[in-house]
Every structure is written in C-alpha cells, then in structure tokens.
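Down below is the structure, laid out as structure tokens.
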Amino acid sequence: MLSTLRCTAFFAVILAFAYAASASAKSSTVVYDSFSSSGADYNTKWGAPYGPGEGTTSFAGNKFNVTATPFTTGYDYSVFDHLKYIRISNAAFPVPKAGAVTFESDIQAATPGTVDGLTQQGVYGPSGTWTDPNLKPVGFTDYSAPVFEGQQAGAVMNMIDFCTGQLFDWFISGHYAFALIERLPTNVTGNTSNPNCPGATYVGPSKMYTQIIKNVPVAAGVPHHVAITFSRSGGPEANVVYALDGKDFAKVEHVGIPVDKQGGVKFTGTYPSLGPGERLGEQINAVAIGHGLFSLIDAFPYQHPDASALDVSIPVGTGNPADAGKARLFGQGADASFDNFVVTTKN
C-alpha cells in the first residue's frame, strides 16, 4: 500500500511461493503459522513489502507479539499513514472457480491513548496544507468526522488480492471490533503494470472504495477469533462473510460493488463511495493473508490524484495527547498478539 514498485515486486514473490492447488482439489486446511517454532521461520512465511514498520516484536508465549505504544510514524499523504506495521504471507492461496477460501486467526489487542468519541478535524486541501495542529490555515474549508477507536489504532488481519485491489479486513482494538471492505486504486497497487496480473484493469474513483461494515464492542484483554470467507460460484458474483468468536458477524454480497450502492444494505456510513464499482467474482483468483497494526483516521479517497477536490490534509503531529482530533499522532498506539493463522479451501 505504500508504493507501486514495492507492490509489483511483492506480488511476484507471492506468486513464486503460491501453493499448488487446482480447482478440482478436495477441501483442505493449512495451519499457515501457529508460531510454535518461536518465530524461527517468521521471515520465511511473512514478507515485509512496505518496510520494517515500527514497534517491538517478540514470540513470547508461542505467539507473534508487536507493540507500538505510542505510534511514532505518520504521513499526511495518500495511504502512507495507515500502515504502522504489516506483514503479508509469502504464499498466495488460489480461490476455486466455484468454492471458498477462509482465513482465520486469534487477535488480542490493547490500544492505549485512543479517545472515546473522538472527532477528527482537517481541512480540504493538498497534502501539507495543515502542518501545525495548533494553527489551522485560513482560507480552507474545514473537514470533520467521528472516528472509531479501531480507526485510531487497531490490530488487523487482512485478506487481499493485489491484482484487483480487493481487500477484506478485521480491525480489533482495545474495546471494539469492526469489519472493513475495500478496493484499493491502481495508484496504490500498480496492478495494471504488474506482469503477474494479466488483464488487470485500471481502478480509479468509480471503482475504489473503503467502507466499515459494522463496529461492535468486544471484551477487553482477551483474544478474539476472527475469520473471513470469500466465496464465488463461477460467475461474476461473489460474497464475503466475516465471523467473530465463532459467530457470523456480517455478510456482503456482490463483492466489488460498494455497500452503499447496493441499496438497503446496512453499514456504518464510513466512508461513502465515489462510484458504482464492479462485480469481481470472475477476477479474484488468489488471495494473500496479512497482519499488522493500522491507523485509519483520514478521509477517503485519501488524496487520490483523480479526486483532488476531496483532498483532506491533517497534521502529522508529535504524539501530544492534547492534539487528539487535530493530528494523526496524538499518543495512540497498539499492543497486539497474533496466533493460529489457518487457511481453509473448499470446492
């Protein structure tokens, strides 16, 4: 998500390590990582296409633990601010033409420094328009929006197809969980210039979207079992089901069509899409699994060059808690543990 070149090179690695599976293969379950080796093979299984990220890591308790309290890196540009720490599987998992792929894991998270009921401020303008949290520039239209706890800081499991940019996420914070569905634009994925993505089409404002489906409180200080199941039936239609602690949580039909364009489908309202999207059931052929720490406090479409009228600038800040609501860094951070990454493929 940080650079087209890194994404292109990374996906080549993903394909090189792809699991050999055919559309006719029987259902199978793979424990991709349970950290039983205390992290000895972590870098073999997980790639860092966007750099080392921030935080301190360990494998205490035969889990992967990462702590960044508070976050110290931030950018007022595109999606650069979102990733604090991320690793992506060095294996892609083929999606049967008629079947499903499920990713599961256990996530425990604490997110100190987050603020209940926070409203994020900004100004409409290019990156760098507002730099000092205490000195808002004049002559610009104000932006403001409420942000969930998990948007301020969250531990995340991802399911992603880099060739279409389609992404499904679980966000777990100290007291909440939410499911997110997103299609990343071409200027982030570089899909149309990736030789491993033959036939990939340009994704711009009419097809890209980021939407939080549902946000609920969860018990603090305990692991939560999350799952994402992507299914298709051989045509343009596909759906995704999110499960939390063993129970179905949310389902989205017509993957590729923004939730707010489907009519009558509930979502949180964060964020409205810019176009109709497209059905992607026939285009998503392999998915990778990721995990990490995220922050998502800015305004979609994240300073996309084809939607510059909607650019929102928010100061990076210095981590001062007094800047909450006026900066990207205000002392928030995440302390997370991940375990039991399991992949199930069904025809």
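The values are calculated or read from the model by the stated rules, or taken from the named source; none is laboratory data. Every value quoted in this text rests on a predicted model; they were computed, and no experiment measured them. Using ideal geometry, Cβ is built from the backbone for each residue, glycine included, and neighbour counts are taken over all protein chains shown.
Out of the stretch 89-122, which residues are farther than 27 Å from ILE160 by Cα, in contact with a Phe, Trp or Tyr (Cβ under 8 Å, 6 or more places away or on another chain) and of a type in the set (Val, Ile, Thr)?
VAL115
Within the stretch 241-272, how many residues are more than 20 Å from GLN151 (Cβ to Cβ) and part of a strand (DSSP E or B)?
Keep residues of the stretch 241-272 that are more than 20 Å from GLN151 (Cβ to Cβ), which gives 241, 243, 245-248, 251, 253-257, 261-265.
Next cut, part of a strand (DSSP E or B) only: 241, 243, 247-248, 251.
So the answer is 5.
Being without any contact (Cβ under 8 Å) to a residue 12 or more places away in the chain and either hydroxyl-bearing (Ser, Thr, Tyr) or within 27 Å of VAL241 (Cα to Cα) (or both) is true for just one of THR164, THR141, THR192. Which residue is that? Full working, then the answer.
Working: THR164 fails: without any contact (Cβ under 8 Å) to a residue 12 or more places away in the chain; THR141 fails: without any contact (Cβ under 8 Å) to a residue 12 or more places away in the chain.
Answer to the selection: THR192.
Does ALA98 count as farther than 30 Å from SER233 by Cβ, hydrophobic (A, V, I, L, M, F, W, C) and out of contact with any Pro (no Cβ under 8 Å at 6 or more places or on another chain)?
no
Being buried (at least 20 other Cβ atoms within 10 Å of the Cβ) and not small (Gly, Ala, Ser): is that true of VAL115 here?
Values: buried (at least 20 other Cβ atoms within 10 Å of the Cβ): no; not small (Gly, Ala, Ser): yes.
Considered against the rule, which asks whether it is buried (at least 20 other Cβ atoms within 10 Å of the Cβ) and not small (Gly, Ala, Ser), VAL115 comes out as no.
Let me confirm something: among ASN187, ASN196, which residue is surrounded by 15 or more Cβ atoms within 10 Å (Cβ to Cβ), outside any strand (DSSP E or B) and touching a helix residue (DSSP H, G or I) at 6+ places or on another chain (Cβ under 6 Å)?
ASN196 is the lone residue from the list that is surrounded by 15 or more Cβ atoms within 10 Å (Cβ to Cβ), outside any strand (DSSP E or B) and touching a helix residue (DSSP H, G or I) at 6+ places or on another chain (Cβ under 6 Å).
Sort out which residues of the stretch 205-224 are under 30 Å from ASN62 (Cβ atoms) and among the aliphatic types (A, V, I, L, M), and write them in order of number.
Result: VAL216, VAL218, ALA219, ALA220, VAL222.
Failed condition for ILE14, given (1) under 20 Å from ASP169 (Cα atoms); (2) at pLDDT below 95; (3) of a type outside the set (Asp, Glu); (4) over 18 Å from the mean Cα position of the chain (by Cα), with all others met?
Here ILE14 meets the rest and fails (4).
Only one residue in PHE267, PHE294, PHE330 is modelled with pLDDT of 95 or more, in contact with a Pro (Cβ under 7 Å, 6 or more places away or on another chain) and either buried (at least 17 other Cβ atoms within 10 Å of the Cβ) or charged (D, E, K, R) (or both), so which one is that?
So the residue among PHE267, PHE294, PHE330 that is modelled with pLDDT of 95 or more, in contact with a Pro (Cβ under 7 Å, 6 or more places away or on another chain) and either buried (at least 17 other Cβ atoms within 10 Å of the Cβ) or charged (D, E, K, R) (or both) is PHE330.
If the requirement is being modelled with pLDDT of 95 or more, out of contact with any Lys or Arg (no Cβ under 7 Å at 6 or more places or on another chain), on the phi > 0 side of the Ramachandran plot and not aliphatic (A, V, I, L, M), which of these qualifies: GLY190, GLY204?
Details: GLY204 fails: on the phi > 0 side of the Ramachandran plot.
Exactly one of GLY190, GLY204 is modelled with pLDDT of 95 or more, out of contact with any Lys or Arg (no Cβ under 7 Å at 6 or more places or on another chain), on the phi > 0 side of the Ramachandran plot and not aliphatic (A, V, I, L, M), namely GLY190.
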